[in-house]
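Here's the structure, in C-alpha cells; my notes come after.
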Amino acid sequence: MTATALVWLRNDLRVTDNPALHAALRHGRARAIHIEESVSRLRPRGEASRWWLHHSLNRLADELAQLGVALETVAGETEVELFKAIGQHGAGSVYWNRRYGPVEREIDAGIKARLKREGIETESFAANVLVEPFQMATGAGKPYSVYTPFWNTLRKRDIERPLPRPRHGEAIRPRQVDIGYREPDWGRKIGGHWEIGEAAAHERLERFLEQLVTDYPEGRDIPAKAATSGLSPHLAFGEISPRQVWHAALAVAQHEPAKASAIDKFLSELGWRDFNYNQLYHREDIASVPMVEKYAHLKWRHADAALKAWQRGQTGIPIIDAGMRELWETGVMHNRVRMLTASLLAKNLLIDWRKGEQWFWDTLVDADPANNPGNWQWVAGSGLDASPYFRIFNPVTQGERFDPGGDYVRRWVPEVAALPDKLVHQPWEAGGVANYPEPIVDLKLSRERALEAFKAL
C-alpha cells in the first residue's frame, strides 16, 4: 500500500501555486494538516488574525476536499503534533513551504532533521515570497539594507511562474475545521467588510487590475478613495501567492500598455514586502529588536493614558482617530494613515514603537511577521532604509493634503462632520467640538521634544 503524503500548511492556505501540496499529491494519497503552534518562543497570533484564520481554513477545507484531500487542524507543540499525525496516518513523506522568521526556521530545521533520521521523506519549497531572502545579495555578497538597489535587482529577476491548480482523485465530503476559536462580537463586525479565501483573493486581484490600478500611483495616498488592491490579508495568509500577483499584473501591463506605469508602481510595493522578509530573515527578531542598534538606547516615555487614547481613536486629532477607528471596525487601516498613526505614537508621543506594533498585531487582519514590524521600524527610524529621525509627519497638514474635503475623517469621526473643510482636521481652531476630546499632545512642542530625543542618540 502506498504511504500517505502529509502536507503541512502554515501561511499558504491555497491549492493553486502551492508546491508542497503538488508534491504531496504526486504520491497519490495525501492529507493536509495545520498546527496552531504552542511554542513559547513563537509569537502568538493576534485576535484579528485568529478570526481570519478560522474562516480561511474552512474555505480551504472545502477546496482541498474537491481534490480528495482531508484537512485536519490541531493545536499544541509543533513537533509533537506533527509526528503524532505522521503516526496516525502512516505518512511516509512530509512537505511544506518555507517560512523565514528566525524561530520558525529553527523549528523547521529541527523537524526536517528528525524526519530524515527516521527515514521519512521530506522537502520544503519556495512559495511565499518573490525571491527567497538567501538568494538576494549585494555585489559584496551581503544582505541589502537599502530598498532602491534591492528593488532594482529584484525587478530584473526571472520570477518563477505559478503552478496551476492540481488535479487529483475523487472529491470527498468537506468537514468544518476548528482551531478552538470562538468568534467575538467585534469579529462579526469585521466580517461585514471581507470575503475570505482563495477565490475571494483572485476576485479582488482581478477587480483591482481591471478597474482600479490606473489610479493607484496617486490614489493610493487618498484614504477616502478605493484605489488600493486590498490584497494584504490574502497575502498574509497565503490565500494568493506573490508570484501569482506578479505574473497577473505583468500580463495586464503587456496587454494594456496604458496601465504599465501604474502596475510598475504597484509591483514595487509587492517588492517592499519581499524587502521586509529579507530583514526578517537576516536580522534578530525585528518585532522586538531595533535594526539600527543605537535606537535600543532611546528613552521612551511611559504614558499609559496617551497610549489608550491612541488605541481607541480618542487623541483629539481627527485623521489619527479616523485611522484607529477604521482599524477597530474593519481590521485594516489605509496605508497613508498607518504611517501617520505610527509617527504620532513613536515620535510625538515618544511611546515605544513596539507597543504600537503589538496593537496592530492584535487588531489587523493582515498582521504579517515581516511587514508589521518592518514598517513600524521604518516609521520609528530604527529600521533599515528607514524614514530619517527628523521626518515627523504632521497629521494636520497630511490630512489637509490627502483628505482635503474631509471625506475620510467625516466617515470615521462623525463628531467633527459638521465642521467646514478648513477646520475638519483641526477642530480646536473652531473652539472645540462637543463630545470630542481636545488633542492629547501639542504637535509643535512634541515634535521639538522628539527631535531632541533622537539627536541625543
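The values are calculated or read from the model by the stated rules, or taken from the named source; none is laboratory data. Because the structure is predicted, anything quoted here is derived from the model rather than measured. Backbone-built Cβ (ideal geometry, glycine too); neighbour counts: all protein chains shown.
Before we move on, is V409 buried (at least 17 other Cβ atoms within 10 Å of the Cβ) and assigned to a loop (DSSP other than H, G, I, E, B)? Here the answer is no, as V409 does not meet what is asked. Has the range 263-270 got any residue that is over 19 Å from the mean Cα position of the chain (by Cα), modelled with pLDDT of 95 or more and buried (at least 20 other Cβ atoms within 10 Å of the Cβ)? Yes, because at least one residue in the range 263-270 is over 19 Å from the mean Cα position of the chain (by Cα), modelled with pLDDT of 95 or more and buried (at least 20 other Cβ atoms within 10 Å of the Cβ). Residues in the range 223-247 that are among the aliphatic types (A, V, I, L, M) and under 20 Å from the mean Cα position of the chain (by Cα) were compared, and the one that is modelled with the lowest pLDDT is A226.
Looking for something more than 20 Å from the chain's Cα centre (by Cα), part of a loop (DSSP other than H, G, I, E, B) and either not charged (D, E, K, R) or not assigned by TED's automatic domain parsing to the domain that holds L267 (or both) - is there at least one such residue anywhere in the range 145-152? Within the range 145-152, one or more residues are more than 20 Å from the chain's Cα centre (by Cα), part of a loop (DSSP other than H, G, I, E, B) and either not charged (D, E, K, R) or not assigned by TED's automatic domain parsing to the domain that holds L267 (or both).
Selection of the range 429-452 for residues being surrounded by 15 or more Cβ atoms within 10 Å (Cβ to Cβ) and either over 31 Å from the mean Cα position of the chain (by Cα) or at pLDDT below 95 (or both) yields V433, Y436, P437, R449.
Candidates in the range 276-320 are the residues that are of a type in the set (K, R) and under 26 Å from the mean Cα position of the chain (by Cα); of these, the one that is surrounded by the most Cβ atoms within 10 Å (Cβ to Cβ) is R283. For the range 32-48, a residue qualifies if it is modelled with pLDDT under 95 and not in a loop (DSSP other than H, G, I, E, B), and the qualifying residues are E36, E37, E47, A48. Out of the residues in the range 321-331 that are surrounded by 24 or more Cβ atoms within 10 Å (Cβ to Cβ) and closer than 12 Å to P223 by Cα, state the one that is farthest from the chain's Cα centre (by Cα). Here the answer is A322.
When P439, P420 are checked against the criterion of being outside any helix (DSSP H, G or I), within 21 Å of P223 (Cβ to Cβ) and free of Cβ contacts under 8 Å to residues at least 12 places away in the same chain, P420 stands alone in meeting it. Determine whether the range 342-349 contains at least one residue that is charged (D, E, K, R), assigned by TED's automatic domain parsing to the domain that holds T330, within 28 Å of the chain's Cα centre (by Cα) and crowded, with 22+ Cβ neighbours inside 10 Å. Yes, the range 342-349 contains at least one residue that is charged (D, E, K, R), assigned by TED's automatic domain parsing to the domain that holds T330, within 28 Å of the chain's Cα centre (by Cα) and crowded, with 22+ Cβ neighbours inside 10 Å. One residue stands out in the range 64-99 among those that are of a type in the set (D, E, K, R) and more than 24 Å from the chain's Cα centre (by Cα): the one that is farthest from R50 (Cα to Cα), namely K84.
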